[in-house]
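Engineer: Have a look at the structure that comes next, please.
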């Protein structure tokens, strides 16, 4: 990133996760002037290495702007721990809880913590920023936002900001099953996404009385009996897992009186397309969030906190 | 096994699975005269190697008795494929479907196939024999039999024999999560079974609205917030998985009108003890099946088929 392109930046916003760090140079109105990314995630860098990683990431374009970062950089394994904010949490709450890294111009966005009716906790870190970026600017603020991923997050939003959320280990379970399980060994790679096999998996998990640890085995039974081609096994599994997530999250939202709401999807395009299909099969209307939700969210938080350069 | 101990055997019964083969020499009344086992499972031996593996397993004690075998030895990867019998299936149906291995004195027990109300298939192989061994001799034949394992099986029995069954991938999911997942990395080995952490996991999965792919993440949230010790994570996970199985299987049995029945557990003692605790938390009464259910089942099948040596 050339220095001359970013001299006018009012903020450098870094989405700093487990494997990757992505930096955005933003003008005073939050528009992106430039961006860059590098495999300098928290897992790669480790304790003590973050100042050097930041210099590497920003290079000659470090500019003098303040830096805001979100994601695993604020975890116990990150640069400095930014303690979780309790839900419900809105923009003001989160901005007030920004954690400065001593001796630097970097401030880190806190993650969120919520508890269900039985007191069981749930946590997220990084997604709070994407959610705030998605809530901004929409004509009607979305009530249900879904962020697919290794650990996908469903957030319920309202007058109180981010009111509650729930995590589903869908992506990690898929990777485990595909890579290490008996079911993964039955699967052969197809040439393309098998949407029929995927939809069949989704429908199986949407049935009344569905149970994931039972239904997963149907990938084997169907393959053994010739009712599912080996090329379809992986997408059938993916459908079972996304269907189980959507069915459970629908119940979760209903328990809080949220029903018939449009779901706004934020994240990787191919993954969001799978979720769109699964959500449609479950009767949800679906909208797409902004492509740069993390940068927008960080800009909103920084502005709220009075961090923007003059 | 010494030859002199087994000359009177009327049957050699082999429980021949994926990793292990276990042989029993049985007298004409089905009592065990001797037994042996070896790591000569189907996965170790492979195509063409089964005659030699049988000689290795039986050694000098091969005797002249007929041989019956059950388990993965009858799968497509085994010695010869013994096609699945459709459920409901009773002793006579299964005995009539014994598959002889040409040119040998070996006959293989078929597995079972059933379909749920939507036509989704389920399969088992080996457990049919343990179930038949468990049904024999009990004053009141059990209606619900559970065989814990990598893929645990719930069987519903009645006048028609084995009427239906359902598989749960509980054991395989636990191994995947413990060995390869983010949750496994949070766990440290404790010195002993943490029954409180286990029961907490079971209760979480027994809640109304429980959803496995969400609840699994609570192992991380609880550990992160200091509410679950690292030594308890593995048993909490085990509890979540067994609780999810028991909750789903309870619904499965209820859909067929089976409720309030005692569950009979068959299998490894330590694993059955975990199931006993999970089942008790779900309100089930629990009984133990016979320790040698596979050998008893094979003896019943062989007798029914007229295979026993005079």
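Values in this text are rule-based calculations from the coordinates and carry no lab data. Note that this is a predicted model, so its numbers are computed, not measured. Counting neighbours? That spans all protein chains shown, and the Cβs are built from the backbone with ideal geometry, glycine included.
Engineer: Only counting other Cβ atoms within 10 Å, I'd like B:120, A:233, B:106 sorted with the fewest neighbours first.
Structural biologist: Lowest count first: B:120, B:106, A:233.
Engineer: Going by alpha carbons, how many degrees (0 to 90, nearest 10) lie between the helix axis of A:195-206 and the longest principal axis of chain A?
Structural biologist: That helix lies at roughly 90 degrees to the long axis.
Engineer: OK, next. Where does helix B:269-281 land angle-wise versus the long Cα axis of chain B, in degrees 0 to 90, nearest 10?
Structural biologist: Helix B:269-281 and the main axis of chain B meet at about 50 degrees.
Engineer: Just tell me how shielded B:204-214 is by partners: mean number of partner chain Cβ atoms within 10 Å of each residue's Cβ, no decimals.
Structural biologist: Mean number of neighbouring Cβ atoms from other chains: 6.
Engineer: Under the definition of partner shielding as Cβ atoms of other protein chains within 10 Å of a residue Cβ, what is the mean value for peptide A:167-174? Provide the component values of the computation, followed by the final result.
Structural biologist: On the way: counts 8, 7, 12, 2, 1, 9, 7, 1.
Taking all residues of A:167-174 together, the mean is 6.
Engineer: Something else about it: Rank by packing, highest mean first: peptides B:282-288, A:108-114, with packing defined as the count of other Cβ atoms within 10 Å averaged across residues. Could you put the intermediate results ahead of the total?
Structural biologist: On the way: B:282-288: 15.4, A:108-114: 25.6.
Packing proxy ranking, top to bottom: A:108-114, B:282-288.
Engineer: Answer rounded, prolate or oblate for segment A:144-255, using the Cα gyration tensor with square roots of eigenvalues a ≥ b ≥ c: rounded when a/c is under 1.5, else prolate when a/b is larger than b/c, else oblate.
Structural biologist: Prolate shape, in that a/c is at least 1.5 and a/b is the bigger ratio.
Engineer: Let me ask you something else. Of all DSSP beta bridges located in segment B:1-137, what percent are antiparallel, nearest 5? Let's see the in-between values first.
Structural biologist: Numbers: 18 of 27 bridges.
Roughly 65 percent of the DSSP beta bridges within segment B:1-137 come out antiparallel.
Engineer: Moving on. Let a ≥ b ≥ c be the square roots of the eigenvalues of the Cα gyration tensor of chain A; is it rounded (a/c under 1.5), or, if not, prolate (a/b larger than b/c) or oblate? Could you put the intermediate results ahead of the total?
Structural biologist: Numbers: a/c = 2.15, a/b = 1.67, b/c = 1.28.
Prolate, since a/c reaches 1.5 and a/b exceeds b/c.
Engineer: Let me ask another. Given label points at 7 Å from Cα along Cα→Cβ, what nm distances, shortest first, separate residue A:180 from the same residue in every other copy?
Structural biologist: Spelled out, the distances from residue A:180's label point are 0.6 nm.
Engineer: Also, quick follow-up: If you take every DSSP beta bridge whose two residues both sit in chain B, what share of them, in percent to the nearest 5, is antiparallel?
Structural biologist: On the way: 30 of 45 bridges.
Taking every DSSP beta bridge within chain B, about 65 percent pair in antiparallel fashion.
Engineer: Still on this structure: Suppose you put the label 7 Å out from Cα in the Cβ direction; list, shortest first and in nm with one decimal, how far residue B:5 is from each other copy's label.
Structural biologist: 7.9
Engineer: Per residue of chain B, what 222 nm ellipticity follows from adding -39500 (n - 2.57) for every DSSP H run with n ≥ 4, rounded to the nearest 500?
Structural biologist: My calculation for chain B gives -11000 deg cm²/dmol from helical runs alone.
Engineer: Angle between the Cα long axis of helix A:233-255 and the longest principal axis of chain A, 0 to 90 degrees, nearest 10?
Structural biologist: 70
Engineer: In addition: Rg (Å, one decimal) plus Dmax (Å, integer) for the alpha carbons of the protein assembly as shown?
Structural biologist: 28.6, 100
Engineer: Express in whole angstrom the spacing between the alpha-carbon centres of segment A:73-131 and segment A:244-310.
Structural biologist: For segment A:73-131 versus segment A:244-310, the Cα centre distance is 18 Å.
Engineer: Average partner chain C-beta neighbours within 10 Å, per residue of A:218-229?
Structural biologist: 4
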